[in-house]
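A short reminder: the numbers here are calculations on the coordinates, not readings from a lab. This one's a predicted model, so the numbers in the text were calculated from it and none came from an experiment.
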Amino acid sequence: MAKKRKAKSNQQMQSERKPSKREKRTKFVIYLMIIIMLGSVISGALVQIFS
């Protein structure tokens, strides 16, 4: 029983820790790439519609 409690508290501690600068930067770059892809898809669709 004690081991389960300890493991659970470790998981909570890991999920609550602050993300590092590198993790923040990676997340930001991924979101930026997704936004750029969506923008290019939308602009490509608009070109097809209006041409």
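May I ask you to evaluate 6.51 cos²θ - 1.76 cosθ + 1.60, the Karplus curve with θ = phi - 60°, for each residue of region 42-51 and list the ³J(HN,Hα) values in order in whole Hz, giving x for glycine and proline?
5, 5, x, 5, 5, 4, 5, 5, 8, 9
Explain nothing, just compute: Karplus ³J(HN,Hα) = 6.51 cos²θ - 1.76 cosθ + 1.60, θ = phi - 60°, for every residue of region 22-29 in order, whole Hz, x for Gly and Pro.
5, 5, 4, 5, 4, 4, 4, 5
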